[in-house]
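*Asks:* So that we are looking at the same thing, I have put the structure below in C-alpha cells.
The values are calculated or read from the model by the stated rules, or taken from the named source; none is laboratory data. Here the structure is a predicted model, which means the values were calculated and not measured. Here the Cβ positions follow ideal geometry from the backbone for every residue, glycine too, while neighbour counts run over all protein chains shown.
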Amino acid sequence: MTEKKLAALLAEMSLEEKVMQLVQLPGSAYDDTANITGNELEPVDPRVKQLAGSTLGILSGKTAKRIQQEYMAAHPHHIPLLLMADVIHGYRTVFPCPLGLGATFDPEIVEQAASAQAEEAAADGIQVTFSPMADLVRDARWGRVMESTGEDKVLNGRMAAAMVRGYQGGGALKDEHTVASCVKHYAAYGAADGGRDYNNTELSEHTLREDYLPAYAEGIRAGARMIMSSFNSWNGIPVTGSAFLLKQILRSELGFDGVVISDWDAVGQLIPHGFAEDRKDAARKAFQAGVDIDMCTGAYADHLTELVRDGEIAEKEIDGAVMRVLRLKNDLGLFENPLRGFTDCTRNTTLEERRALARKAVAESLVLLKNEENLLPLRGKRIAFIGPYADSRELISTWAMAGEKEPVVSLMEGAAAAFAHTKTEIRISPGCTLLDNDTVVSFYQYHSDTWEEENERMLAEALKTASWADTVVLCLGEHPMQSGESTSRADLHLPKVQEQLLEAVAAVCPQVATLVFCGRPLALSSVAGRSKALMICWLPGTEGGNGILDVLTGKMPPMGRLPMSFPWTVGQEPLHYDCYATGRPKPAEGLGSFTTRYLDYPNEALYPFGFGLSYGDTVISDPVVSAVDLSEKGELTVTAILENRGDACAAHTVQLYLRDVSASRVRPVRELKDFRRLTLQPGEKRDVRFAVTESMLRFWRADGTFGSEPGKFQVWISLSSRQGNPAEFVLKG
Ligand code: BGC
C-alpha cells in the first residue's frame, strides 16, 4: 500500500478504531492456551478484542492463523492484527542465552542466530520480536543480566545491531523469513538500584548518554522498527512517562521514527510509581510522553478516546501514532498477505543447519577461566561427569518460551556421542540436587522433604564414581529460573550443596574441571580454588551438550570472553571495568593508605571483562603506534604481535582499549573501542592492527556536547580489560 492509501485508510477510521490500533492485548484474550495472560484485562470486552491492533505471546502457528482469519473477517477495515512475541535467544532451536551470545564477541554468528530464530518464529506467524535487549548491565545481582550482552557499550551496540540485522533480514520486512525487531528496554532499565528488578535508577545524564544510550542507538541505526519503553524511572520520572527520553532524545536526537510500545503494564504502573493518579491520568501521561502502543494495561482502550474528546490530547497526535503502526503493518506486507509466515515451509535453512549453527554458537560462547596443568582438553581414559547438570536438559532460559526440552542435548548425550568409538570410558552421577532446600526460585519456593537423604545418597554414589575416574568434569550451576525477569539475588554463590559436592569430589579426585551453568556472573573464588580447570557455560540451549563437548575434547579451542566482570564477592557490585580512577586511586602494588579501596577485597573483578583463556600458549607484545600525533581528520594504526607458542590451536579476541588521560570531564581508566577474533595454529605468529580515529575519542563533554578534546591518550591492545601495557599518542587541536 502506498503512503497515500494508508492516509486514506486512516481518514476512513473512526476515533475509536484509531485508538484501538494503539492497544495491545495479551494472547490469552484470543486464545486460552497462549502462554501470556493479562489478568488485569480479563474478561476482555469483545469490541476491544475485535479492534485491538496487536497481541503478543501466541506461540502456535495454527492458533495464530485461526485468530488472524477470524479477526480479519470481522474487522471493519480489514486491518490485520499484529502478532508479537518474545523471541529472545531462540524459537524452536534455542541458542545460548544473550549473555552467552555476548561472550562470543562474534557479531556475525549472533546475526546468523537471530536470522535463524526469525525464520522459525515467522513460520508460526510471529511478526515482531521483543529483542534485542540492549540494556547495559553492571550489576550481577540483577537477574536480567542474562538477557543482555554485557557491561560494555561497544560490545552491546555491535550485538544489538547484529540482532536487528538478523531478525529483519537487512530491512526487507516483506520477506516472510523475517520479523521486525523491537529494541528494549529503553532506557537504562539495567541500572536498577541494588540490582533489584524494576527499581529506580540514579544515573547522571552524562552516564546515561555515554554508557547506557549507545547500544539502543546502534539498534536504531541498524533499522529496528520498534522501541520498548522501560519500567524504571530515570531522574525521578518513569521512562514510560518521560517526554525527555521518548521525544527529545529518542525522536529528535536519535531520529527514531518507528513505533514506541510500553513494556508490559508499564502505563498502568505509572500509578504505583506515584506519577499518575489513576488509569486515565496514566494513559494521558504515557501518550503525551510518546508511547504509541499500550502493552496490556487497557488504559488506552478505556481512556484515549475520552481524552481526545475532552480536548486533552489532539486527534492529530493519535493519527501520528496510528500511522506509525499502520506503516509497520504495511512494511511487513500484512495488507497484501495477512497470513504472512504460517508455512510448514522449506525455508532458507534446514533444521540441521540451524542446529549446527546453535552448536557452533555454544562452542564460541564458552569462557575458560582457568586451566592448570592443561587439564583441558580432556585426555583422561576414565572420565566422570558429576553434578546436577551432568545429565540435565534444563539448559534453556525462561526467555526461550517456545523452546522444547525434548530436543535439548544434555552433557551426558554430548559426551556419549563424543567418546563413542574411543577407548575413553565415561560415567555419570548427579552428585547433589541443583538447589539448596527451601530456595526461592523465580516465583516458587523449592522444597523437598527428602532433600537430606537424597543428597546423602547422591554424594556417596558420586564419590564412588570420582574414585574410579582419572578426571572429573563437575557440572554445577544456577537453576535456569534463578536468572531472568524478577530474579534478583543478593547472594552470588553457587548453592551450598554444590560447593560441598565440589570439595568432597576434589578430595577424592583432584583432577577436577568445573563447568558452571549460569545466567549471571557468580562469586566463584572458592570454586576456582578447588578446581584445576573452570569454564563458564551460561545457559547454552538446544545444542548445549554437543557444543560443550566440542571444546572439552579439543575439537574447537575455547574462544569466549567474559562480557561481564565476575566478582570476588557480591559486595563489589555493581562492578565494571570502565570505571573512573578517582583522586586517590589505589596504587598498582600494595594497598596504599586513604585510597579508593576495600579493606577486605580487591577493587577489581576476580575475572575481568574481556578475559578468557584458550588452548595453546599465546603471548601478546606491547602495542606500537604508527605515529605519536593524531590530527582531527587523520588516522593512526596501533599494532601488536600475537604468538601461539603452545602445541594446540588457540583462538583469541584481541581488544583495543583507549584512555583519555585528561579531559573536561573525568574519563574511564579504559574503554573498549574495537575487537577482533584471531585463530592461531601452534607456532603461528600474527600482527594485529587496529585503526584509531578522532571519532573514537568523543565523549559527553563538560559543556553538554559530544566531541573529543585535544591531549594525551593511552592505547592498549590486550587479551582482557586488565592486561597489557599502553602506548601513547596525542590528539592535536
Ligand atoms: C518484559 C519484557 C517483555 C514483555 C512481554 C515484560 O514483562 O519486561 O522484556 O518483552 O514482558 O512479554
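*Asks:* Which one of the conditions (1) under 17 Å from Ser708 (Cβ atoms); (2) surrounded by fewer than 13 Cβ atoms within 10 Å (Cβ to Cβ) does Asp647 fail to meet, given that it meets all the rest?
*Replies:* All conditions pass for Asp647, except number (1).
*Asks:* Can you name every residue in region 461-488 that is of a type outside the set (S, T, N, Q), closer than 30 Å to Gly194 by Cβ and touching a helix residue (DSSP H, G or I) at 6+ places or on another chain (Cβ under 7 Å)?
*Replies:* Within region 461-488, Leu476, Gly484, Glu485 meet the criteria.
*Asks:* A further question follows. Looking at Ala301, Ala286, Ala266 in this structure, which one is surrounded by 23 or more Cβ atoms within 10 Å (Cβ to Cβ), small (Gly, Ala, Ser) and away from the ligand (no atom under 16 Å from the Cβ)?
*Replies:* Exactly one of Ala301, Ala286, Ala266 is surrounded by 23 or more Cβ atoms within 10 Å (Cβ to Cβ), small (Gly, Ala, Ser) and away from the ligand (no atom under 16 Å from the Cβ), namely Ala301.
*Asks:* Do we have Asp470 as over 26 Å from the mean Cα position of the chain (by Cα) and touching a residue at least 12 places away in the same chain (Cβ under 8 Å) here?
*Replies:* For Asp470, the condition - over 26 Å from the mean Cα position of the chain (by Cα) and touching a residue at least 12 places away in the same chain (Cβ under 8 Å) - is met.
*Asks:* Here's something else I'd like to know. From the list Val661, Val715, Val692, Val654, pick out the single residue that is closer than 24 Å to Glu151 by Cα, out of contact with any helix residue (DSSP H, G or I) (no Cβ under 6 Å at 6 or more places or on another chain) and surrounded by fewer than 20 Cβ atoms within 10 Å (Cβ to Cβ).
*Replies:* Every option except Val661 fails the conditions.
*Asks:* Let me ask something additional. Suppose we keep only residues that are in a strand (DSSP E or B) and either more than 15 Å from the chain's Cα centre (by Cα) or among the aliphatic types (A, V, I, L, M) (or both) within region 148-202. Which one would you say is surrounded by the most Cβ atoms within 10 Å (Cβ to Cβ)?
*Replies:* Within region 148-202, the match that is surrounded by the most Cβ atoms within 10 Å (Cβ to Cβ) is Val183.
Conditions tested, residue by residue: (1) in a loop (DSSP other than H, G, I, E, B); (2) among the hydroxyl-bearing types (Ser, Thr, Tyr).
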site: Glu306; (1), (2): no, no
site: Ile313; (1), (2): yes, no
site: Ile318; (1), (2): no, no
site: Arg324; (1), (2): no, no
site: Phe335; (1), (2): yes, no
site: Thr343; (1), (2): yes, yes
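*Asks:* Right, here's the next one. Of everything in region 155-187, what is within 16 Å of the ligand (Cβ to nearest atom) and β-branched (Val, Ile, Thr)? Give them in sequence order.
*Replies:* Val164, Val179, Val183, listed by residue number.
*Asks:* Enumerate the pairs (first residue in region 123-137 and on the phi > 0 side of the Ramachandran plot; second residue anywhere and more than 10 Å from the ligand (Cβ to nearest atom) and part of a loop (DSSP other than H, G, I, E, B)) with beta-carbon separation below 8 Å, excluding pairs fewer than 6 apart on the same chain, so at least 6 apart or on different chains.
*Replies:* Matching pairs, first to second residue: Gly125/Ile58; Gly125/Leu339; Gly125/Arg340; Gly125/Gly341; Gly125/Phe342.
*Asks:* Take Ala243 and tell me if it is surrounded by fewer than 21 Cβ atoms within 10 Å (Cβ to Cβ), over 19 Å from Arg196 (Cβ atoms) and touching a residue at least 12 places away in the same chain (Cβ under 8 Å).
*Replies:* The answer is yes for Ala243.
*Asks:* Can you go through Gly223, Gly125 and tell me which one is more than 21 Å from Leu366 (Cα to Cα), surrounded by fewer than 21 Cβ atoms within 10 Å (Cβ to Cβ), more than 14 Å from the ligand (Cβ to nearest atom) and not basic (Lys, Arg)?
*Replies:* Step by step, each of Gly223, Gly125 is checked, and only Gly223 is more than 21 Å from Leu366 (Cα to Cα), surrounded by fewer than 21 Cβ atoms within 10 Å (Cβ to Cβ), more than 14 Å from the ligand (Cβ to nearest atom) and not basic (Lys, Arg).
*Asks:* Checking Pro214 against (1) buried (at least 20 other Cβ atoms within 10 Å of the Cβ); (2) under 24 Å from the mean Cα position of the chain (by Cα), which single condition isn't satisfied?
*Replies:* Result: Pro214 passes all but (1).
*Asks:* Going by what's in this entry, would Thr55 be described as within 16 Å of the ligand (Cβ to nearest atom) and either under 25 Å from Ala160 (Cβ atoms) or not hydrophobic (A, V, I, L, M, F, W, C) (or both)?
*Replies:* yes
*Asks:* Search region 230-263 for residues being outside any helix (DSSP H, G or I) and either farther than 17 Å from Ile293 by Cβ or of a type in the set (Lys, Arg) (or both), and hand back the single one that is nearest to the ligand (Cβ to nearest atom).
*Replies:* For region 230-263, the residue satisfying everything is Asn232.
*Asks:* Based on what the data block shows, is Asp294 surrounded by fewer than 19 Cβ atoms within 10 Å (Cβ to Cβ) and either among the acidic types (Asp, Glu) or assigned to a loop (DSSP other than H, G, I, E, B) (or both)?
*Replies:* When the stated conditions are applied, Asp294 does not pass them.
*Asks:* Yes or no: Gly100 modelled with pLDDT under 95 and more than 16 Å from the ligand (Cβ to nearest atom)?
*Replies:* Criteria not met by Gly100.
*Asks:* While we're here: Based on what the data block shows, is Ser252 modelled with pLDDT of 95 or more, over 30 Å from Arg340 (Cα atoms) and of a type in the set (S, T, N, Q)?
*Replies:* yes
*Asks:* Anything in region 537-574 that is outside any helix (DSSP H, G or I), of a type in the set (A, V, I, L, M) and under 21 Å from the mean Cα position of the chain (by Cα)? List them, or say none.
*Replies:* Passing the criteria: Leu539, Met559, Leu562, Met564.
*Asks:* Restricting to region 294-317, what's the tally of residues that are at negative phi and in contact with a Phe, Trp or Tyr (Cβ under 8 Å, 6 or more places away or on another chain)?
*Replies:* Of the residues in region 294-317, 7 are at negative phi and in contact with a Phe, Trp or Tyr (Cβ under 8 Å, 6 or more places away or on another chain).
*Asks:* Here's another thing I want to ask about it. Could you tell me which of the residues Glu111, Glu70, Glu12, Glu16 is within 21 Å of Met226 (Cβ to Cβ) and either within 16 Å of the ligand (Cβ to nearest atom) or surrounded by fewer than 24 Cβ atoms within 10 Å (Cβ to Cβ) (or both)?
*Replies:* When all the criteria are applied, what remains is Glu111.
*Asks:* Among the residues of region 132-147, how many are in a loop (DSSP other than H, G, I, E, B), within 13 Å of the ligand (Cβ to nearest atom) and in contact with a Phe, Trp or Tyr (Cβ under 7 Å, 6 or more places away or on another chain)?
*Replies:* 2
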